[in-house]
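**Q** After the structure tokens below, expect a handful of questions from me.
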Amino acid sequence: MAAVAPPGSLQRARIALRGRDFRKLFAIRIVGQGGDGFFTVALFASVVFNPSEHSTTFGLFKAALITALPFTLLGPFVGVFIDRWPRRQILAYAPLLKVVLVGFVVFDPTTHAVPFYVGALAVISINRFYLATASAVVPRLVASDDLLIANSLATVGGTLALLVGFFLGGQLADASGSGPVVAVAALAWLGTTLIAIRFGSDLAPMTVPESEELLRHRLRRVVVEFTDGARTLVRTPRAIGPITSISIDSMGQGIILTVAAVVFREQFREGIGSYSNLVGAGGVGVLVGIATVGWLEQRWSKERIIAGAFVVGGLALLGAALYLRGWSILVASFVVGLAFAWKKVPVDTIVQGSLPDGYRGRVFSVYDVVYNVARILAAALVIPLVPALGTHGTVALVSLLFIVWAPVLPRWIGGIADVRIVFSEGARAEGWPRALRWGAAEESVDVIKAWLEERNGERRRCFRLALRDGSVLDVSRPESGGLWTIDRERDEPRALP
């Protein structure tokens, strides 16, 4: 009987979109994050491009605090409440709260600072809770085989909608001011509420009701697990190296976006519309990068892709530093966005593969906080950098930082295996695996299957190992010796095939 080929990505996307409730969720991400793009434009127009704001760099610092601080402070805790409250109500009523509060963003922050900043922080804090809920319900709406493509659709579609909203909002703000932009954002959020109330299920979490005392215990446990995640990260070089690299990239991008705002506002005398063109160019670069990173992964190791992306981004910025014009900034923004995707996708993949599943949630919470803090720190650094080095010098500094950092990650983690196998006969490779060292953890294993396989002209020794947490790993290394790699992480019974 001939084997049936697995469906391709396009077919899987169509299968996922057949589910009525997933189509509603996808529509919520598109409409809601499009509204978020318009809201972000109104925020930047009021804080950064406000004629009363004398310092563009300080305005960007305030905008970075408003947009990143809620993600940083609330991120580790939102899951506790998402796992207790009916998710349909969150998806339906959180946008209504944003509609009520978004009117405060129409105020001028230079004359009505308190209502403006309180309203903006509240909207973005609610949005953090809302987006986390939208991600959490995906497994309830699609089959497990379609989960990866469903997550990709929701994430990429939402990000694209956000960028389109920012671009269109920038043009509208230049033409008509912030009022109509805020109105469009509010209408979009109302639309998400109308979609969410039509879900077929209330999407209530499958948990036993808990007491308030237990809720306090779980909140305290979040702090404990966050601390444990930080310790685990420090003890796992294959995780901390990539996270350090992407945090340096986050700082560099934050500096460049601030310098670009200075150039457009203070040198070119342009408004938020021109800045939205810059963000749009970077967004197109990110999408192209996501589309092409798989091709790169077939040819080079992940750490070498990241290193190459630092070089590509650094050279583009060096060119912009030497010839800082409107069009050169747009080209550099596209290339930096492209390079960002070539860094972010491999970084996430390396970090995921460097840790057992039971540690990933807490480590990624730390990752999220570090990434956002890096962006805030970048906005703070620009305040003294631009007066000291000028716009050309600041861009050149970031470009040199990227180029110098390029060889660091391959040297840092290039000789570290995904996992280390502990054999029953000491360290002899011909023995039988008894344990696996994965990141900072060591777990005993059961051998399900052992075999030899030839790949690209190289014979590899392979094992299928069952861990105590129920996960199953296929691992291999060259028969002649070398580093063990994880070929596949499975979620299946331990029975022999």
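**Q** Each label point is 7 Å from the Cα along the Cα-to-Cβ direction; what then is the distance between the points at residue 176 and residue 118, in nm?
**A** Taking the simple label geometry, residue 176 and residue 118 are separated by 2.9 nm.
**Q** Within the chain, what is the number of lysine pairs with alpha carbons under 24 Å apart, leaving out pairs fewer than eight places apart on the same chain? Provide the component values of the computation, followed by the final result.
**A** Working: 24/98; 62/98; 302/343; 302/344.
Eligible lysine pairs with Cα atoms under 24 Å apart amount to 4.
**Q** On to the next question. Rounded to the nearest 500 deg cm²/dmol, what is the calculated helix-only ellipticity per residue at 222 nm for the chain, with -39500 (n - 2.57) per DSSP H run of length n ≥ 4? Let's see the in-between values first.
**A** Details: 16 runs with 333 residues, N = 497.
The helix-only estimate for the chain comes to -23000 deg cm²/dmol at 222 nm.
**Q** Mind listing the Cα extents of the chain along all three principal axes, in Å, largest one first?
**A** Principal-axis extents of the chain (Cα, largest first): 73, 56, 49 Å.
**Q** At a Förster radius of 22 Å, what calculated FRET efficiency corresponds to the Cβ-Cβ distance of residue 451 and residue 422, to the nearest 0.05? Display every interim value, and only then the final one.
**A** Details: r = 20 Å, r/R0 = 0.90.
Step by step, r from the Cβ atoms, then E = 0.65.
**Q** Can you tell me how region 407-486 classifies by the Cα gyration tensor, rounded, prolate or oblate, using a/c under 1.5 as the rounded cut? Intermediate results must be reported in sequence, preceding the final value.
**A** Values: a/c = 1.68, a/b = 1.16, b/c = 1.45.
Oblate shape, in that a/c is at least 1.5 and b/c is the bigger or equal ratio.
**Q** Something else about it: Can you pull out the trypsin sites (Lys or Arg not before Pro) in region 397-466 whose DSSP state is coil and whose Cβ has at most 13 other Cβ atoms within 10 Å?
**A** Details: sites: 411, 420, 428, 434, 437, 449, 455, 459, 460, 461, 464; in loops: 428.
For trypsin sites (Lys or Arg not before Pro) across region 397-466 that sit outside H, G, I, E and B with at most 13 neighbouring Cβ atoms in 10 Å, the list reads 428.
**Q** Follow-up. So for the pair residue 111, residue 441, with labels modelled 7 Å out along Cα→Cβ, what separation do we get in nm?
**A** 5.8 nm
**Q** For region 321-396, treating each Cα as an identical point scatterer without solvent, what Debye log10 I(q)/I(0) comes out at q = 0.11, 0.28 1/Å?
**A** Relative scattering, expressed as log10 I(q)/I(0), comes to -0.46, -1.22.
**Q** Can you pull the percent of Cα pairs in region 288-339 with separation above 17 Å?
**A** Values: 518 of 1326 pairs.
Tail of P(r) above 17 Å: 39 percent of Cα pairs.
**Q** Right, next: Taking the Cα centre of region 235-412 as origin, work out the dipole magnitude from +1 charges on Lys and Arg Cβ and -1 charges on Asp and Glu Cβ, in debye rounded to 20.
**A** Values: 14 positive and 8 negative charges, 55 e Å.
That gives region 235-412 a dipole magnitude of about 260 debye.
**Q** Using the C-alpha gyration tensor of region 16-202, what are the square roots of 5 times its eigenvalues, in whole angstrom, with the largest one first? Spell out each step's value before the answer.
**A** Numbers: eigenvalues 184, 56, 41 Å².
Each semi-axis is √(5λ); the values are 30, 17, 14 Å.
**Q** I want to make sure I understand the PRE zone here: with the label point 7 angstrom from the Cα of residue 322 toward its beta carbon, which residues in region 398-412 have backbone N atoms less than 18 Å away?
**A** Residues passing the 18 Å test: 398-404.
**Q** If amide H atoms are built 1.01 Å from N in the plane of the peptide, which residues on other chains or at least 5 residues away come under 5 Å of the amide H of residue 449?
**A** The answer is 464.
**Q** Amide H to amide H under 5 Å from residue 423: which residues, 5+ apart in sequence or cross-chain, H placed 1.01 Å off N in plane?
**A** It is 434, by chain and number.
**Q** Can I ask one more? Take each of the peptides 90-102, 467-479, 128-140, average the number of other beta-carbon atoms within 10 Å over its residues, and list them starting from the highest. Each step should come with its number before you reach the end.
**A** On the way: 90-102: 20.8, 467-479: 16.9, 128-140: 19.0.
Result, highest mean first: 90-102, 128-140, 467-479.
**Q** Quick one: 3J(HN,Hα) in Hz for region 159-166, Karplus 6.51/-1.76/1.60 with θ = phi - 60°, rounded, Gly and Pro as x.
**A** 5, 4, 5, 4, 5, 5, x, 5
**Q** Taking the Cβ of each residue in 232, 292 as the centre, tally the other Cβ atoms inside 10 Å and list the residues starting with the fewest.
**A** Numbers: 232 22, 292 13.
Lowest count first: 292, 232.
A short reminder: the numbers here are calculations on the coordinates, not readings from a lab. Note that this is a predicted model, so its numbers are computed, not measured. Every residue, glycine among them, receives a Cβ derived from its backbone with ideal geometry; neighbour counts consider all protein chains shown.
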